[in-house]
């Protein structure tokens, strides 16, 4: 009962600390807006994403088309709203793949130590020696040019960061007194790892996941720009930028608005991640 009360007090303290983080709340609100726009795209978008109007090719922003139209007369605002689905889906699913690979590996390395830690750490070091985006491009080119394989490529490329975060947090937790107490009462290693270590590394992993979503969204846009992500005519912010590069002087809005969408959603996730870091960091004072 005492542990439950202490846990409730700690959760309330963290929530109050998060609520005082103005930029973090603004970022979370912006993330929520993008998520709602992606989910409600059929209701929110003024036009279908693939409806063409040959009489309105590359028209500047107007009352009829707030963000203008593209090279075949499609409404730019509608395609940006629909494109949020690909970007957010890629961000979330890629991070889930990365976490599913990296967190258990980091927990195992930090808990087992010895040769297990040495082997896993060398694998991670080798992967981190390759720039993240270069590795994602190579994997996506090998797997195939579509959104599903792009998400797998981004997830595998992101996994080493999760492994390092989980390993560092595990090594820190293993020095705590309650781990020694759990060993003293006869808990087997698997129980200690799952019941005492894993729940306590959740906070840094959650922060890393939030920040990695922003990185994954940029990576998906980059892969789509290169033709390795979501394929036309399905809208994607990266592929929209790729198409816009041919008309930068005649129709700059084709590049401006998808670019602003990417900047906004990445900034929102970064602000939210910073707020979560401040709220969940137990070493910080009130």
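Every read-out reported here was derived from the displayed coordinates using simple, explicitly stated rules and does not represent laboratory data. Values in this document were obtained by computation on a predicted structure and should not be read as measured data. All Cβ positions, even for glycine, are placed from backbone atoms using ideal geometry, and neighbour counts span all protein chains on display.
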Legend entry - Gaussian network model of the chain, springs between alpha carbon atoms under 10 Å - residue of 163, 174, 151 with greatest fluctuation: 174
Inset, instruction - Take the Cβ-Cβ distance between residue 246 and residue 64 as r, set R0 to 25 Å, and report the resulting FRET efficiency rounded to the nearest 0.05. - result: 0.60
Legend entry - Rel. contact order, % - alpha carbon contacts under 8 angstrom, at least six apart, the chain: 26
Inset, instruction - Inverting the mean 1/r over all pairs of different Cα atoms, compute the Kirkwood radius of the chain and quote it in Å. - result: 20.9
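Would you calculate, for the chain, the mean residue ellipticity at 222 nm contributed by helices, counting each DSSP H stretch of 4 or more residues as -39,500 (n - 2.57) and dividing by all residues, to the nearest 500?
Helices in the chain give a 222 nm mean residue ellipticity of -23500 deg cm²/dmol.
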Legend entry - Alpha carbon centroid spacing (whole Å) that separates region 29-45 from region 246-278: 15
Legend entry - Whole-angstrom gap from region 145-172 to region 72-127, using each part's C-alpha centre: 4
Inset, instruction - Grab the Cα-Cα distance for residue 119 and residue 35, subtract it from 0.36 nm times how many residues apart they are, and report the gain in nm with one decimal. - result: 26.3 nm
Legend entry - Of 104, 233, 49, the one that fluctuates the most in a GNM where the chain has Cα springs shorter than 10 Å: 233
Inset, instruction - May I ask for the angle, rounded to the nearest 10°, between helix 253-280 and the longest principal axis of the chain, with both axes built from Cα atoms and the value confined to 0 to 90°? - result: 20
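Which order, highest average first, do 264-271, 235-242, 199-206 follow once you tally other Cβ atoms within 10 Å for each residue and take the mean per peptide? The partial results should precede the final answer.
Details: 264-271: 20.8, 235-242: 24.9, 199-206: 16.8.
Result, highest mean Cβ count within 10 Å first: 235-242, 264-271, 199-206.
Taking the beta-carbon count within 10 Å as an exposure proxy, list 25, 211 from fewest neighbours to most. Display every interim value, and only then the final one.
Values: 25 15, 211 19.
Taking fewest neighbouring Cβ atoms as first place, the list is 25, 211.
Using the count of nearby Cβ atoms within 10 Å as a rough guide to exposure, how do 177, 70, 50 rank from fewest to most? It would help to have the intermediate numbers written out before the result.
Numbers: 177 7, 70 24, 50 14.
Going from sparsest to densest Cβ surroundings: 177, 50, 70.
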Inset, instruction - Give me the angle, in degrees from 0 to 90, between the Cα long axis of helix 76-112 and the longest principal axis of the Cα atoms of the chain, rounded to the nearest 10. - result: 20
Inset, instruction - Just need the Rg to Rh number for region 108-215, please, alpha carbons only, Kirkwood Rh. - result: 1.07
Inset, instruction - Please check which bits of region 50-94 a label hung off residue 43 would reach, taking the label as a point 7 Å along Cα-to-C-beta and the cut-off as backbone N under 14 Å. - result: none
Inset, instruction - Quick one: angle between helix 22-39 and the longest Cα principal axis of the chain, in degrees between 0 and 90, rounded to 10, please. - result: 60
Inset, instruction - For the chain, with a Gaussian network of springs between Cα atoms less than 10 Å apart, report the residue from 243, 140, 221 with the top mean-square fluctuation. - result: 243
